[in-house]
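Peer 1: Quick one: this structure, given as structure tokens, is what I'll be asking you about.
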Amino acid sequence: MSVNKEVKRITTHILQEMKHSGEKIAMLTAYDYSMATILDDAGVDVLLVGDSASNVMAGHETTLPITLDQMIYHAQGVVRGAKRAFVVVDLPFGSYQGNSKEALNSAIRIMKESGAHGVKLEGGTEIAESVVRIITAGIPVMGHLGLTPQSIYKFGTYTVRAKGEEEAEKLKTDALALQEAGCFAIVLEKIPAKLAREVSESLHIPTIGIGAGTDCDGQVLVVNDMIGLTKGFKPRFLRQYLNLYEGILEATQSYIKDVKAKDFPNEKEQY
């Protein structure tokens, strides 16, 4: 039986129980009220207001341009639509790196102005001080290791991370450091499945995988990719459940045709 079937709101405690019971955590991104409402009604456990909004909502090449104000705006709509799911918000690039006081202030703004339930930070030991400081203020923190998109210019590529022994060992060390700092969960992005399994088994907090194999405690996808709104983006780890791009394209073409032909609106569609 599902751990979370009857609960009114998913919490960090329930996510912990899900890991211990072996129930997988289903997580998706959301950026607005309408989508959050649908995903919440479907029963998703966690909604991530991802800085991927920079890509899929604003059309930027990377996640770097999106601002804290913009993240708060997206989060406000998602929180209004989520009656049951746990809502996590990404701290955007430049709002926490290298300064734990600024990290805390950014996290407080997100919590106060959006009503979200937690924040997510990219990085390992280098952000541990910020994680501790945010958690000390009573704000739940989710970590993020592996491919960290905010560091794309450092990596120079979106290929799989931690394939080599040295980077794999650092990732293991970082995961334990984030757990020790107080993170309630960690996203593992685009790393070898074997490594993700080792990390997941070594931690008592849940891991959420994206391109990290089946042995993580949960999975996350960008919702626009999952429902086929993103044109031409089909990485190996993505399972596309719909093709809304084609559906919306065809519907729009039909609408244009009917308008041009003076078929819309008809007599029943006017006052």
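The values are calculated or read from the model by the stated rules, or taken from the named source; none is laboratory data. Remember, predicted model here, so these are calculated numbers, not experimental data. Reconstructed Cβ throughout: ideal geometry from the backbone, glycine too, with neighbour counts over all protein chains shown. Heads up: the accessible areas ignore ligands, DNA and RNA and are worked out on the full protein's heavy atoms, side chains in. Shrake-Rupley method; radii C 1.70, N 1.55, O 1.52, S 1.80 Å.
Peer 1: Looking at region 153-201, which trypsin sites (Lys or Arg not before Pro) are in a loop (DSSP not H, G, I, E or B) and have at most 16 other Cβ atoms within 10 Å? It would help to have the intermediate numbers written out before the result.
Peer 2: On the way: sites: Lys154, Arg161, Lys163, Lys170, Lys172, Lys190, Lys194, Arg197; in loops: Arg161, Lys163, Lys190.
Answer in residue order: Lys163.
Peer 1: Let me ask you something else. Which one of Tyr73, Tyr96, Tyr241 has the biggest mean-square fluctuation once the chain is modelled by GNM with Cα springs under 10 Å?
Peer 2: Tyr241
Peer 1: Follow-up question, since we're still on this one. Can you give me the solvent accessible area of Arg9 with a 1.4 Å probe, rounded to the nearest 10 Å²?
Peer 2: Here the accessible area works out near 80 Å².
Peer 1: Let me ask another. Given R₀ = 35 Å, FRET efficiency for Thr11-Glu169 by Cβ-Cβ distance, to 0.05?
Peer 2: Step by step, r from the Cβ atoms, then E = 0.60.
Peer 1: Something else about it: As an exercise, identify the GluC sites (Glu not before Pro) in region 92-143 lying in DSSP coil whose Cβ has no more than 16 other Cβ atoms within 10 Å.
Peer 2: none
Peer 1: Just for the chain, what percent of DSSP beta bridges are antiparallel, to the closest 5?
Peer 2: Numbers: 1 of 28 bridges.
In the chain, approximately 5 percent of DSSP beta bridges are antiparallel ones.
Peer 1: Taking H placed 1.01 Å from N in the peptide plane, check which residues at least 5 places from His144 or on another chain put their amide H under 5 Å from its amide H.
Peer 2: Leu121, Gly123, Val187
Peer 1: Right, another one. What nm value, rounded to one decimal, do you get for the distance between Leu249 and Phe233 when each label is placed 7 Å out toward the C-beta?
Peer 2: Reported label-point gap for Leu249 and Phe233 is 1.6 nm.
Peer 1: Return the carbon/sulfur percentage of the accessible area of the chain, one whole number, probe 1.4 Å, all protein chains in place.
Peer 2: On the way: 7540 of 14090 Å².
Carbon-and-sulfur percentage of accessible area, whole number: 53.
Peer 1: For region 4-58, what's the relative contact order in percent, using C-alpha pairs closer than 8 Å and at least 6 residues apart? Provide the component values of the computation, followed by the final result.
Peer 2: On the way: 37 pairs, mean separation 17.6, N = 55.
Once normalised by length, the contact order is 32 percent.
Peer 1: Measure out, as a whole number of angstrom, how far apart the alpha-carbon centroids of region 223-262 and region 143-216 sit.
Peer 2: If you average the Cα positions of each part, the centres end up 32 Å apart.
Peer 1: Given the DSSP H assignment, sum -39500 (n - 2.57) over each helix run of at least 4 residues in the chain and divide by its residue total; what's the result at 222 nm in deg cm²/dmol, nearest 500?
Peer 2: On the way: 11 runs with 114 residues, N = 271.
Dividing the helical sum by the residues of the chain leaves -12500 deg cm²/dmol.
Peer 1: Taking 8 Å as the Cα distance limit and 6 or more residues as the minimum spacing, I'd like the relative contact order of region 17-120 as a percentage.
Peer 2: Working: 178 pairs, mean separation 28.1, N = 104.
Once normalised by length, the contact order is 27 percent.
Peer 1: Anyone know which of Ile152, Ile191, Ile210 comes out most mobile in the 10 Å Cα GNM of the chain?
Peer 2: Comparing Ile152, Ile191, Ile210 in a Gaussian network model of the chain, the most mobile one is Ile152.
Peer 1: Ok, one more. With semi-axes √(5λ) of the Cα gyration tensor in Å as the read-out, I listed (1) 31, 20, 18; (2) 34, 21, 20; (3) 26, 23, 17; which label goes with the value calculated from this structure?
Peer 2: Matching entry in (1) 31, 20, 18; (2) 34, 21, 20; (3) 26, 23, 17: (2).
Peer 1: Anything in the chain that counts as a DSSP H helix reaching 15 Å or more along its axis (C-alpha) with Kyte-Doolittle mean of at least -0.5? List them, would you? List each step's numbers first, then the result.
Peer 2: On the way: long enough: 68-81 (20 Å, 0.01); 100-114 (21 Å, -0.46); 165-181 (24 Å, -0.85); 244-260 (24 Å, -0.22).
Passing helices, by number: 68-81, 100-114, 244-260.
Peer 1: So, one more: Which loop-located GluC sites (Glu not before Pro) does region 1-54 contain, where loop means any DSSP state but H, G, I, E or B and the Cβ has at most 14 other Cβ atoms within 10 Å?
Peer 2: Values: sites: Glu6, Glu17, Glu23; in loops: Glu6, Glu23.
Qualifying residues, ordered by number: Glu6.
Peer 1: Using a simple charge model, +1 on the beta-carbon of Lys and Arg, -1 on the beta-carbon of Asp and Glu, nothing else, what dipole does the chain show about its Cα centre, in debye to the nearest 20?
Peer 2: Numbers: 29 positive and 34 negative charges, 53 e Å.
Magnitude of the dipole: close to 260 debye.
Peer 1: Defining a contact as two alpha carbons under 8 Å apart and six or more residues distant in sequence, what relative contact order in percent does the chain show? Please report the intermediate quantities before stating the final value.
Peer 2: Numbers: 501 pairs, mean separation 40.6, N = 271.
Averaging sequence separation for qualifying contacts and normalising by length gives 15 percent for the chain.
Peer 1: Report the extension gain between Thr125 and Asp41 in nm, rounded to one decimal, defined as 0.36 nm multiplied by the number of residues separating them, less their alpha carbon distance. Write out the running numbers ahead of the final one.
Peer 2: Details: separation 84, 0.36 × 84 = 30.24 nm, distance 3.69 nm.
Roughly 26.5 nm would be gained on extension.
Peer 1: With springs only between Cα atoms under 10 Å, which of Gly22, Gly43, Gly164 fluctuates most in a Gaussian network model of the chain?
Peer 2: Highest fluctuation of the listed residues: Gly164.
Peer 1: Top to bottom by accessible area (1.4 Å), largest first, where do Arg239, Arg84 land?
Peer 2: On the way: Arg239 155, Arg84 45 Å².
Putting Arg239, Arg84 in descending order of accessible area: Arg239, Arg84.
Peer 1: In square angstrom, what is the accessible area per residue of the chain with a 1.4 angstrom probe? Could you put the intermediate results ahead of the total?
Peer 2: Numbers: 14090 Å² over 271 residues.
Heavy-atom accessible area per residue stands at 52 Å².
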